[in-house]
Amino acid sequence: MKKLIILSLAVLPFLSSCRKDLNEDPFNSIPEKDAFSTADRIDKEAVGMYDALQNSNFFGGRILIYADIRGIDATPATYFGLDTRNSSIENWNGTRTGYSIRKFSNDNPAIVDMNQKQEVPSIQIRYTEVVFNYIEALLALGDEATATTWLNKIRFRAGMPAITETGAALVDHYRNERNIEMVCEEQRFYDCRRWMIAPTTLGNKVRIMLVTGKLKAGQSAAIYRYDKTKYDYTYTVQNIESGVENRKWDDKVYFPPIRLDEMNKNSKLIQNPGY
């Protein structure tokens with residue numbers, strides 16, 4: 001009976017302290033003496049908290065930590081884009097590279113989400129693609145002057161300077177220009193096969209652009225948003241995480257197989273390599 005009475009008395013102060021803390025108004029500021037203002041103090045107090053958790057004296061207490069600590073051991077906050085695989089809203093279909101496709105999308109701000117209908121014309125062939133094909137034919141025929149003129153017309157339209165390369169450098173520039181202009185238009189796979197450069201292009205590991213922002217000295221921000229006046233940004237190209245888009249090129253993909261019924265009709269036909 002005596003043990004039961006002691007237990008009851010011990011519980012009452014605990015319940016009283018809980019009600020007190022739940023009814024307190026939030027702080028607008030924290031006194032310097034009550035805050036963990038350095039990384040060293042955080043390290044020492046964190047060790048002490050584990051000891052305090054083992055006795056009843058901890059209940060009803062408060063832990064106050066400054067959010068803008070710049071100690072040497074402090075871990076910087078990391079914010080992930082809402083359209084990435086680390087999104088705090090929807091991550092199952094986020095981009096793994098940090099980039100999303102905006103091309104051929106209706107950018108009308110009145111369209112809320114994918115549940116609303118978008119009316120975007122289905123482009124089968126563009127005039128620019130016809131021009132690129134013409135330029136490629138000119139390069140194959142050795143008419144570099146005319147090819148350069150038409151290639152620059154495409155660049156001038158986008159406000160880019162003229163190119164002056166010749167020979168192999170001009171061909172490389174043309175291929176890069178076509179890759180940039182026709183991106184996400186289902187051209188690259190066929191272009192690389194036609195140029196026989198697939199092992200060094202389509203066979204490469206997918207890479208991503210890692211963008212890191214670090215607060216400048218004297219700057220602070222409660223909520224992160226892209227701002228070059230407050231942050232110093234670095235851009236690092238690196239391979240995508242292991243297990244994602246593990247690409248390997250096989251030369252047999254340059255040419256499709258000849259159908260078996262065609263091979264049976266003509267014994268002189270030789271099957272394409274790899275089949």
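The values are calculated or read from the model by the stated rules, or taken from the named source; none is laboratory data. What you are looking at is a predicted structure, and each value in this text was computed from that prediction instead of being measured. Don't worry about glycine lacking a Cβ; one is built from the backbone with ideal geometry, like all the others, and counts go over all protein chains shown.
Scan segment 242-275 for residues that are of a type in the set (D, E, K, R) and either under 30 Å from ILE208 (Cβ atoms) or part of a strand (DSSP E or B) (or both) and report the count. Number of matching residues: 6.
Screening PRO199 on (1) under 28 Å from ALA137 (Cβ atoms); (2) surrounded by 14 or more Cβ atoms within 10 Å (Cβ to Cβ) shows it passes everything except condition (2).
When segment 207-241 is filtered for residues that are loosely packed, with under 10 Cβ neighbours inside 10 Å, of a type in the set (A, V, I, L, M) and not in a loop (DSSP other than H, G, I, E, B), only VAL237 remains. Considered as a group, the residues in segment 205-228 that are more than 22 Å from the chain's Cα centre (by Cα) and not hydrophobic (A, V, I, L, M, F, W, C) include one that is nearest to LEU139 (Cα to Cα), and that residue is LYS216. Can you say whether ILE111 is under 29 Å from the mean Cα position of the chain (by Cα), aliphatic (A, V, I, L, M) and farther than 30 Å from VAL171 by Cα, as far as the supplied structure shows? So ILE111 fits the description; yes. Only one entry in GLU185, GLU177 is in a helix (DSSP H, G or I) and touching a Lys or Arg at 6+ places or on another chain (Cβ under 8 Å), namely GLU177. In the set (1) under 26 Å from the mean Cα position of the chain (by Cα); (2) in contact (Cβ under 8 Å) with a residue 24 or more places away in the chain; (3) under 30 Å from TYR254 (Cβ atoms), the condition left unmet by PHE189 is number (2).
In segment 252-268, is there at least one residue being on the phi < 0 side of the Ramachandran plot, polar (S, T, N, Q) and touching a residue at least 12 places away in the same chain (Cβ under 8 Å)? No; the residues of segment 252-268 include none that is on the phi < 0 side of the Ramachandran plot, polar (S, T, N, Q) and touching a residue at least 12 places away in the same chain (Cβ under 8 Å). When LEU202 is tested against (1) closer than 26 Å to ALA145 by Cα; (2) within 21 Å of the chain's Cα centre (by Cα), just one condition goes unmet, and that condition is (1). Among residues of segment 193-217 that are over 16 Å from TYR254 (Cα atoms), those with a Cβ under 8 angstrom from a residue that is surrounded by 13 or more Cβ atoms within 10 Å (Cβ to Cβ) and modelled with pLDDT of 85 or more, sequence gap 6+ or separate chain, pair up as GLY213/TYR231; LYS214/TYR231; LEU215/LYS230; LEU215/TYR231; LYS216/LYS230; LYS216/TYR231.
Within this structure, VAL131 passes the test of being within 25 Å of SER105 (Cβ to Cβ), surrounded by 11 or more Cβ atoms within 10 Å (Cβ to Cβ) and at pLDDT 95 or above. Among the residues examined, ILE111 does not qualify as surrounded by 11 or more Cβ atoms within 10 Å (Cβ to Cβ), of a type in the set (Val, Ile, Thr), assigned to a loop (DSSP other than H, G, I, E, B) and modelled with pLDDT under 65.
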